[in-house]
1. Considering (1) at pLDDT below 90; (2) outside any loop (DSSP other than H, G, I, E, B), say which one His44 fails and leave the rest.
2. Which one is most open to solvent (accessible area, probe 1.4 Å) among residues in segment 19-57 that are without any contact (Cβ under 8 Å) to a residue 24 or more places away in the chain and small (Gly, Ala, Ser)?
Amino acid sequence: MEYDRLRCCICGEDTADAADYVQIAVRRSPEGPEVQYFGAHPEHLQSVLAKGFDVWD
């Protein structure tokens, strides 16, 4: 899937030069078409995830 990279939702910096990139999709409801996308540097996302969740798994 090809998409435009978004700014990191954790640090606010550009992700264009990041070797890795994570895009997160959040849906308002399982049935609805509404979706919000967030971008992140993987190491920044990892730093705010709950224990037991891993970006790299």
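1. If we test His44 against (1) at pLDDT below 90; (2) outside any loop (DSSP other than H, G, I, E, B), just (1) comes out false.
2. So the residue we want is Ala19.
The values are calculated or read from the model by the stated rules, or taken from the named source; none is laboratory data. Just so it is clear, the structure is predicted and the values come from calculations on it, not from any experiment. Backbone-built Cβ (ideal geometry, glycine too); neighbour counts: all protein chains shown. For accessibility, only protein heavy atoms count, side chains too; no ligands or nucleic acids. Shrake-Rupley method; radii C 1.70, N 1.55, O 1.52, S 1.80 Å.
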